[in-house]
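Notes for the one structure printed next.
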């Protein structure tokens, strides 16, 4: 095989491998950010449940949780940097959400009791 052709093929292979590696790292970084945001969201949900256990209703804003029920409301690192929070039914239910890229929003609702892909909304907190 021609030496120049071999060098060209090795270089081409290295470039393709580098492109695939970059795409893999970007995809995994997004997934890690997604799961870290979900963990922060779960911490907020737990604080909301404790608040309701003490007060009988959910708070009108997330700020009421700090510092008694949660040390700090961590901003989402996946999607928008703000949580959307809505207290509904006079404090009997709540919705917590983060708007992700495109239509990949994550919403926690006490009606369902778990995270799901939900509609976009404007954060109030």
Specify the residue that is surrounded by the most Cβ atoms within 10 Å (Cβ to Cβ); the eligible residues are those in segment 86-101 that are at pLDDT 90 or above and under 17 Å from residue 39 (Cβ atoms). 98
Among the candidates 19, 44, residue that is at pLDDT 85 or above and in a helix (DSSP H, G or I): 44
Could you figure out which of (1) surrounded by fewer than 16 Cβ atoms within 10 Å (Cβ to Cβ); (2) more than 18 Å from the chain's Cα centre (by Cα) isn't true of residue 42? (2)
Would you pick out the residues in segment 28-41 that are modelled with pLDDT of 95 or more and touching a strand residue (DSSP E or B) at 6+ places or on another chain (Cβ under 7 Å)? 41
What is the number of the single condition among (1) within 27 Å of residue 101 (Cβ to Cβ); (2) assigned to a helix (DSSP H, G or I); (3) modelled with pLDDT of 95 or more that residue 70 does not meet? (2)
Any chance segment 104-123 includes a residue that's closer than 24 Å to residue 32 by Cα and out of contact with any strand residue (DSSP E or B) (no Cβ under 9 Å at 6 or more places or on another chain)? yes
Tell me, please, whether a residue that is at pLDDT 95 or above and either within 14 Å of residue 45 (Cα to Cα) or surrounded by 18 or more Cβ atoms within 10 Å (Cβ to Cβ) (or both) can be found in segment 102-116. no
Enumeration of residues in segment 75-100 that are touching a residue at least 40 places away in the same chain (Cβ under 8 Å), within 8 Å of the chain's Cα centre (by Cα) and under 13 Å from residue 41 (Cα atoms): 77, 78, 79, 98
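The values are calculated or read from the model by the stated rules, or taken from the named source; none is laboratory data. Worth saying up front: this structure is predicted, and the values here are computed from it rather than measured. Glycine also receives a Cβ, built like all others from the backbone with ideal geometry; neighbour counts cover every protein chain displayed.
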